[in-house]
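Here's the structure, in structure tokens; my notes come after.
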Amino acid sequence: VAAVSLKEPFDPAKSYDFDKLGETLGWTIFAKGGGPDTFFDPPRVYELDITREVRAWARGERAPHGLALRIIPNRGVDDGWTVRFSPAKDTPVELKIETFAD
């Protein structure tokens, strides 16, 4: 799964046009799950480093339209299976942002 930039703002009430997804910012390999109704307990934590994009936003080099999570098939890992991300319905996805300053 990868974090990608958004080329244009999004409206939460509308579907986002996939052609407006920007460059890949960071990625990780998700662990194989047990199927659509089987969740990791406790939930797994995955980290994606998007430092360069956030710095570009802070410097005014790119408009901060947001981020999206995107599945990127990797035949070296997923054995040809359809890959999907299914968060638990009763547990919100957590976004943790760590910042560091000199």
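The values are calculated or read from the model by the stated rules, or taken from the named source; none is laboratory data. Model, not experiment: these values are computed from the prediction. All Cβ positions, even for glycine, are placed from backbone atoms using ideal geometry, and neighbour counts span all protein chains on display. Side chains included, ligands, DNA and RNA excluded: accessible areas come from the protein's heavy atoms. Shrake-Rupley method; radii C 1.70, N 1.55, O 1.52, S 1.80 Å.
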For this session: Take every Cα-Cα pair in the range 1-59 and report what % of them are more than 14 Å apart.
Result: 68 percent
For this session: Would you please put 38-44, 25-31 in order of how densely packed they are, using the mean number of other Cβ atoms within 10 angstrom per residue and starting with the highest?
Result: 25-31, 38-44
For this session: Quickly estimate the mean residue ellipticity at 222 nm for the chain, helices only: each DSSP H run with n ≥ 4 gives -39500 (n - 2.57), and the total goes over all residues, rounded to 500.
Result: -2500 deg cm²/dmol
Exercise. How much of the accessible area of the chain, in percent, comes from carbon and sulfur atoms when a 1.4 Å probe is used?
Worked result: 53 percent
For this session: Please calculate how many Å² of accessible area the chain carries per residue, with a 1.4 Å probe and no DNA, RNA or ligand atoms counted.
Result: 87 Å²
